[in-house]
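Below you'll find the structure, written out as structure tokens, and then a few comments.
The values are calculated or read from the model by the stated rules, or taken from the named source; none is laboratory data. None of these values were measured; they are calculated from a predicted model. Here the Cβ is made from the backbone with ideal geometry for all residues, glycine too, and neighbour counts use every protein chain on show.
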Amino acid sequence: MPWKEINLMDERYTFALEAIQPRVNMNELCRAYGISKPTG
């Protein structure tokens with residue numbers, strides 16, 4: 001099975017879209033993306 005190819009800017013854009021949703025849990029979102037909360 002090949003590795004999933006990701007584009008860093010696409011990942012950042014997706015993260016930002018998810019982060020502005022109402023009732024989002026930033027702790028869980030940052031954990032899902034593998035980044036720290038201050039970075040998120």
| task | Just need a number here: residues in the stretch 8-40 that are in contact (Cβ under 8 Å) with a residue 12 or more places away in the chain and among the acidic types (Asp, Glu). | result | 1
| Residue under evaluation Leu8, criteria (1) at pLDDT below 95; (2) in contact with a helix residue (DSSP H, G or I) (Cβ under 9 Å, 6 or more places away or on another chain), criterion not met | (2)
| task | Filter the chain down to the residues that are in a loop (DSSP other than H, G, I, E, B) and of a type in the set (D, E, K, R), then identify the one that is surrounded by the most Cβ atoms within 10 Å (Cβ to Cβ). | result | Lys37
